[in-house]
Amino acid sequence: MSKFDVIVVGAGPAGLAFARALAGTGLSLAVVERQTRESLENAAFDGREIALTHRSVAHLRDLGAWDRIDPAEVAPLREARVFNGRSPLALSFDTAGTDADRLGTLIPNHCIRRALFAATKDQPGFTLVDGATVKAAGTDRKGAWVELSDGSRLEGRLLIAADSRFSAIRDQLGIGARINRLGKSMMVCRVTHEGDHEGVATEWFDHGQTFAMLPLNGHMSSAVLTLPSHEIDRIAALPRDALGQELTRRYHRRLGAMQVVADPQVYPLAVTWSRHFAATRAALIGDAAVGMHPVTAHGFNLGLAGAVRLAALIRQAAARGRDIGSSLLLRRYEAGHRLASRPVYDATAMIVGLYTAEDPAARLARHVTLKAAARLPYIRHGVRQLLLQH
Ligand SMILES: Cc1cc2nc3c(=O)[nH]c(=O)nc-3n(C[C@H](O)[C@H](O)[C@H](O)COP(=O)(O)OP(=O)(O)OC[C@H]3O[C@@H](n4cnc5c(N)ncnc54)[C@H](O)[C@@H]3O)c2cc1C
């Protein structure tokens, strides 16, 4: 049996950011991850292009991860436009009237994961328990424990669940969650194209499909197609040439002919909201707390903000010689993170509700909502502030 101050389950981006944010506290940390050290060190391309807010970039800089990301992989997001069906109407978000040069920044997810791991791996007090799955976990007023697949046991003063939106640790802690499996899947696929995207991301709520294009460097974008899961599986299985033609046709040649340059990846969509973000000597971070729909690109941004928030409270308690797992500290984290997450989660749920419905009334509602939003500067301003600051 091994003892640590903090046990983190999951070395995804949220778990690693949290561990890194505790650097210099003198606390001992065990991060348990079912993947191997090698697959964290050289995280494979997974098709996700993460739109980071300015605040997230600042957090990654503070964590020493930003400078480890290859600048050639960093792409500016200058404007976002929303289209509905065949209507030319676009709701547009840009930086006009602000001193920002971009709305956000796009980075491949595997680059963020590699950079966070590289920043964390040699940190004093950090122990990676890799290739190990947590089979059981529990806490009481005195401490926390986890049991691993090989039968070994770790003990700590605080347990952190960073084990994805289908968190088994959340279940073991007896925390319920609202889980909504949407029956749709998102296919992400890097393409090159004839036209210039000019740094503009588009989200097109077409009839029967949602098609987003995220601008990468050069004449390259990430095509993001959302359809019922069985249809996506058929399209993702097409040979690259045929897939390029299918995407070109579905996007109405707006950027000319597309060529597929990386294998497509498919993500079944499910959104989750945990009823609590904390329990006795335990907290949930990242997707384990809030599993956002990717449409508003806020999952990791929120997860990172929460991880940094919790680590700051623990850092303060450790510096003052106080209990790092006190219920007061954990409730403060929970209250702050719920307050920050709820509006984004609810706004995203509203958008998802509007765009997944296909009946004529929903289509009309979508049209009216976008038209109203286009005319009401405070709505555009509110969304833009969310992108710029969150
Ligand atoms: C297509 C797509 C596009 C996205 N785009 C954006 C975007 O533009 N902006 C944005 O902010 N977010 C975006 N997101 C969301 C973002 O990718 C997630 O929020 C983020 O990856 C969650 O990180 P995490 O560390 O909480 O969880 P995960 O990445 O799911 O990591 C969990 C880790 O826990 C490990 N684990 C699980 N169970 C156990 C166990 N029992 N024992 C040991 N280890 C375990 C897993 O192996 C894994 O490594 C997108 C998501 C998708 C699918």
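The values are calculated or read from the model by the stated rules, or taken from the named source; none is laboratory data. This one's a predicted model, so the numbers in the text were calculated from it and none came from an experiment. Positions of Cβ are generated from backbone atoms using ideal geometry, with glycine treated the same way; all protein chains shown enter the neighbour counts. With ligands, DNA and RNA removed, areas are computed over all heavy atoms of the protein, side chains included. Shrake-Rupley method; radii C 1.70, N 1.55, O 1.52, S 1.80 Å.
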Report whether or not D150 is in the same structural domain as G291 (by TED's automatic domain parsing), over 26 Å from P268 (Cα atoms) and part of a loop (DSSP other than H, G, I, E, B). yes
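Among the residues of the stretch 74-83, write down those that are part of a loop (DSSP other than H, G, I, E, B) and open to solvent by 40 Å² or more (accessible area, probe 1.4 Å).
Taking the stretch 74-83 first, the residues part of a loop (DSSP other than H, G, I, E, B) are 74, 78.
Answer for the stretch 74-83, where residues must be part of a loop (DSSP other than H, G, I, E, B) and open to solvent by 40 Å² or more (accessible area, probe 1.4 Å): just R78.
Would you confirm whether or not the stretch 138-148 contains a residue that is charged (D, E, K, R) and crowded, with 21+ Cβ neighbours inside 10 Å?
Within the stretch 138-148, the first condition is being charged (D, E, K, R), and the residues that meet it are 140-142, 147.
Going one step further and asking which of them are crowded, with 21+ Cβ neighbours inside 10 Å, we end up with none.
No, that holds for no residue.
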Is there a residue in the stretch 115-135 that is open to solvent by less than 30 Å² (accessible area, probe 1.4 Å) and farther than 21 Å from V6 by Cβ? yes
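Which of the following residues is touching a Leu at 6+ places or on another chain (Cβ under 6 Å) and within 9 Å of the ligand (Cβ to nearest atom): A14, A51?
Details: A14 fails: touching a Leu at 6+ places or on another chain (Cβ under 6 Å).
Testing whether each residue is touching a Leu at 6+ places or on another chain (Cβ under 6 Å) and within 9 Å of the ligand (Cβ to nearest atom) leaves just A51.
Yes/no per residue for (1) open to solvent by 10 Å² or more (accessible area, probe 1.4 Å); (2) within 25 Å of the chain's Cα centre (by Cα):
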residue	(1), (2)
D171	yes, yes
V188	yes, yes
H197	yes, yes
V200	yes, yes
M213	no, yes
N217	yes, yes
D233	yes, yes
D241	yes, no
Checked pairs for the stretch 273-300, first without any contact (Cβ under 8 Å) to a residue 40 or more places away in the chain, second not β-branched (V, I, T), C-beta under 9 Å and 6 or more apart or across chains, list as G299/R165; G299/G286; G299/D287; G299/G291; G299/M292; G299/H293
Just one of the numbered conditions (1) under 25 Å from L77 (Cβ atoms); (2) in contact with a Gly (Cβ under 9 Å, 6 or more places away or on another chain) is not true of A161; which one? (1)
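If you check R380 against the conditions, is it modelled with pLDDT under 70 and more than 16 Å from the ligand (Cβ to nearest atom)? Steps first, answer last, please.
Details: modelled with pLDDT under 70: yes; more than 16 Å from the ligand (Cβ to nearest atom): yes.
So R380 fits the description; yes.
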Among the residues of the stretch 275-313, how many are buried (at least 23 other Cβ atoms within 10 Å of the Cβ), among the small types (G, A, S) and away from the ligand (no atom under 12 Å from the Cβ)? 4
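Hey, among the residues in the stretch 1-18 that are among the hydrophobic types (A, V, I, L, M, F, W, C) and either assigned to a helix (DSSP H, G or I) or at pLDDT below 95 (or both), which one's farthest from A305 (Cα to Cα)? Don't jump to the end; show me each part of the working.
Within the stretch 1-18, the subset among the hydrophobic types (A, V, I, L, M, F, W, C) is 1, 4, 6-9, 11, 14, 16-18.
This time we only want the ones that are either assigned to a helix (DSSP H, G or I) or at pLDDT below 95 (or both), so: 1, 14, 16-18.
Numbers: M1: 33, A14: 9, L16: 13, A17: 10, F18: 10 Å.
Restricting to residues being among the hydrophobic types (A, V, I, L, M, F, W, C) and either assigned to a helix (DSSP H, G or I) or at pLDDT below 95 (or both), the top hit is M1.
Of the residues A137, A132, which single one is within 15 Å of the ligand (Cβ to nearest atom), at pLDDT 95 or above, part of a strand (DSSP E or B) and farther than 30 Å from N217 by Cβ? If you could, list the steps in order and put the result at the bottom.
Values: A132 fails: part of a strand (DSSP E or B).
Answer to the check: A137.
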Please specify each residue of the stretch 19-73 satisfying the condition of being open to solvent by 20 Å² or more (accessible area, probe 1.4 Å), part of a loop (DSSP other than H, G, I, E, B) and not charged (D, E, K, R). A23, G24, T25, G26, S28, Q35, T36, N42, A44, F45, G64
Name the residue that is farthest from D46 (Cα to Cα), counting only residues in the stretch 1-10 that are out of contact with any Phe, Trp or Tyr (no Cβ under 7 Å at 6 or more places or on another chain), aliphatic (A, V, I, L, M) and open to solvent by less than 30 Å² (accessible area, probe 1.4 Å). V6
H337 vs (1) in a helix (DSSP H, G or I); (2) at pLDDT 85 or above; (3) open to solvent by 30 Å² or more (accessible area, probe 1.4 Å): all pass except (3)
Within the stretch 291-334, the count of residues that are under 24 Å from D62 (Cα atoms), assigned to a helix (DSSP H, G or I) and not charged (D, E, K, R) comes to 22
Enumerate the pairs (first residue in the stretch 115-138 and closer than 13 Å to V31 by Cα and acidic (D, E); second residue anywhere and assigned to a loop (DSSP other than H, G, I, E, B) and more than 9 Å from the ligand (Cβ to nearest atom)) with beta-carbon separation below 9 Å, excluding pairs fewer than 6 apart on the same chain, so at least 6 apart or on different chains. D130/T36
For a quick check of your reading of the model, give me the residue pairs whose first member lies in the stretch 1-22 and is on the phi > 0 side of the Ramachandran plot and in the same structural domain as C111 (by TED's automatic domain parsing), whose second is of a type in the set (G, A, S) and open to solvent by 10 Å² or more (accessible area, probe 1.4 Å), with beta-carbon atoms closer than 6 Å and at least 6 apart or on different chains. G10/A162
